[in-house]
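The values are calculated or read from the model by the stated rules, or taken from the named source; none is laboratory data. Worth saying up front: this structure is predicted, and the values here are computed from it rather than measured. Cβ: placed from backbone, ideal geometry, glycine included. Neighbour counts: every protein chain shown.
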Amino acid sequence: MTNGISMVLNCAHALMRMEILMPTVLANPAKRSQRAGLPARRATNLSLSADVLDAAKSLQINVSQVCDKHLRDVVRHEQERRWREEHADFIAVYNATIETEGLPLDEWRTF
């Protein structure tokens, strides 16, 4: 294997094993520590459908928590999509190498 392809594969392999982390903004570290390690929160204005908001309140649903969880999921999925898009070349080269050369250390696999 050439040195360039080896570098690309090493980089791709390392990147594929990294977890995508949610960025955390530490606006006020003192307040954050008071909240038992929870991420800092910030007030914002949202426009929601009145009927859904009224129904959520009547069911005692915490709208802030639901919105935060859903937005966190949407952000995570978008980060994952962009990561796959940005690293598609590395993944393609890695997969092609596995196709032609097999898995690394495959000869010592016991399963």
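A few points about this structure:
- Where R76 falls short, out of the listed (1) exposed (fewer than 11 other Cβ atoms within 10 Å of the Cβ); (2) at pLDDT 95 or above: (1)
- Odd one out for I20, checked against (1) modelled with pLDDT under 95; (2) closer than 23 Å to L103 by Cβ: (2)
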